[in-house]
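Visitor: This is the structure I have questions about; it appears just below.
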Amino acid sequence: MSFMALIGHQPLPVHEKMFYLKNYLSGEARKAVEGFFYRNSEEAYQGALKVLEERYGNHFIVQRAFRDKLMKWPKVGSSDPAALREFADFLQGCVAAMPHVKGLAILDDCD
């Protein structure tokens, strides 16, 4: 969403959008669209966006990724303030994402 807001909807040449997309992505998402970066065409750009939307635009997938990450979070020791801060940052990110990711409100269930 942030890429589309900052770059995708701007009147930029497609080769610039591809450049920014390539630099914006990392890890699994970048690998998924790596082949599109060899062409600087509107077709390649739209193809990359379609792959990303199909894999990462689904609210259920995003919600599940948040939940999985939370459930697999390593135990934070009492003498590890850096780990506690990292966990707090992740939880803050969950709270910030809740209004935008359908189904993520399940994390707010206190029962």
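Please treat every number below as a calculation from the coordinates, not as lab data. All values derive from a computational prediction rather than experimental measurement. Ideal geometry is used to build each Cβ from the backbone, glycine not excepted, and the neighbour counts take in all protein chains shown.
Visitor: Would you work out the charge dipole size for the stretch 60-111 about its Cα centre, treating the Cβ of every Lys and Arg as +1 and the Cβ of every Asp and Glu as -1, and quote it to the nearest 20 debye?
Guide: Charge dipole, the stretch 60-111, about its Cα centre: 200 debye, nearest 20.
Visitor: Let me ask something else about it. Taking the Cβ of residue 7 as the center, what net charge do the other residues with Cβ under 12 Å away carry, scoring Lys and Arg +1 and Asp and Glu -1?
Guide: My count for the surroundings of residue 7 gives +1.
Visitor: What's the longest piece of the chain with no exposed trypsin sites (Lys or Arg not before Pro), counting a site as exposed if DSSP puts it in a loop and it has at most 14 other beta carbons within 10 Å?
Guide: The answer is 1-71.
Visitor: Relative contact order, percent, of the stretch 59-108 when contacts are C-alpha pairs under 8 Å separated by at least 6 residues?
Guide: RCO, the stretch 59-108: 53 percent.
Visitor: 222 nm [θ] for the chain, helices only, -39500 (n - 2.57) per DSSP H run of 4+, per residue, to 500?
Guide: -18000 deg cm²/dmol
Visitor: Further question on the same structure: Which helices, counted as full DSSP H runs in the chain, have an axial Cα extent of no less than 20 Å and a Kyte-Doolittle average of 0.0 or above?
Guide: Span-like helices in the chain: 81-97.
Visitor: Of 68, 89, 80, which has the largest mean-square fluctuation in a 10 Å C-alpha GNM of the chain?
Guide: 80
Visitor: Kirkwood hydrodynamic radius (Cα pairs, Å) of the stretch 7-111?
Guide: The Cα-based Kirkwood calculation yields 16.2 Å.
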